[in-house]
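Everything on this sheet refers to the single structure shown next.
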């Protein structure tokens, strides 16, 4: 066992206690033993889908007024792809009632109550299907 001569000087298996027997020894450093302070509650913030919908409304307003010529110009000004502009403008196919409900979601502590990814498939549905799908999305699950 072990390399040659490892046990000849008798230092293996020999323990010495350098702390008096009436003191407690802890291997965890002092900085880790202190109790951590609880995190402050999360600040309510506007869900990203609300900001994206606002952006879509503004872009549509710019297109209708002639301020910008087309979606490609919006993409150049914003520094994003034309496909992304199309995705954002696609949110305008949601029914006006749903768009208004989304815009009223000002502050929430839930990370992604309503995501743009969840809203995109709804834009290809009928108005009745959109309302039903949106209600299922925002209804809390028990």
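Just to be sure before I move on: is residue 95 surrounded by 12 or more Cβ atoms within 10 Å (Cβ to Cβ) and either closer than 30 Å to residue 118 by Cβ or modelled with pLDDT under 80 (or both) in the structure I sent? Break it down into steps so the answer makes sense when it comes.
On the way: surrounded by 12 or more Cβ atoms within 10 Å (Cβ to Cβ): yes; either closer than 30 Å to residue 118 by Cβ or modelled with pLDDT under 80 (or both): yes.
In short, yes.
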Selection within segment 69-92 - surrounded by fewer than 15 Cβ atoms within 10 Å (Cβ to Cβ) and in contact with a helix residue (DSSP H, G or I) (Cβ under 8 Å, 6 or more places away or on another chain): 70, 72, 78, 81, 82, 84, 86, 92
So residue 35 clears everything in (1) buried (at least 16 other Cβ atoms within 10 Å of the Cβ); (2) not in a helix (DSSP H, G or I) except one condition, right? Which one? (1)
Quick check on this structure: which one of 58, 73 is under 23 Å from residue 117 (Cα atoms) and assigned to a helix (DSSP H, G or I)? 58
Quick check: anything in segment 126-140 surrounded by fewer than 10 Cβ atoms within 10 Å (Cβ to Cβ) and modelled with pLDDT under 80? yes
Residue match in segment 17-27 (condition: loosely packed, with under 15 Cβ neighbours inside 10 Å, over 26 Å from the mean Cα position of the chain (by Cα), in a loop (DSSP other than H, G, I, E, B) and modelled with pLDDT of 90 or more): no
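The values are calculated or read from the model by the stated rules, or taken from the named source; none is laboratory data. Here the structure is a predicted model, which means the values were calculated and not measured. Positions of Cβ are generated from backbone atoms using ideal geometry, with glycine treated the same way; all protein chains shown enter the neighbour counts.
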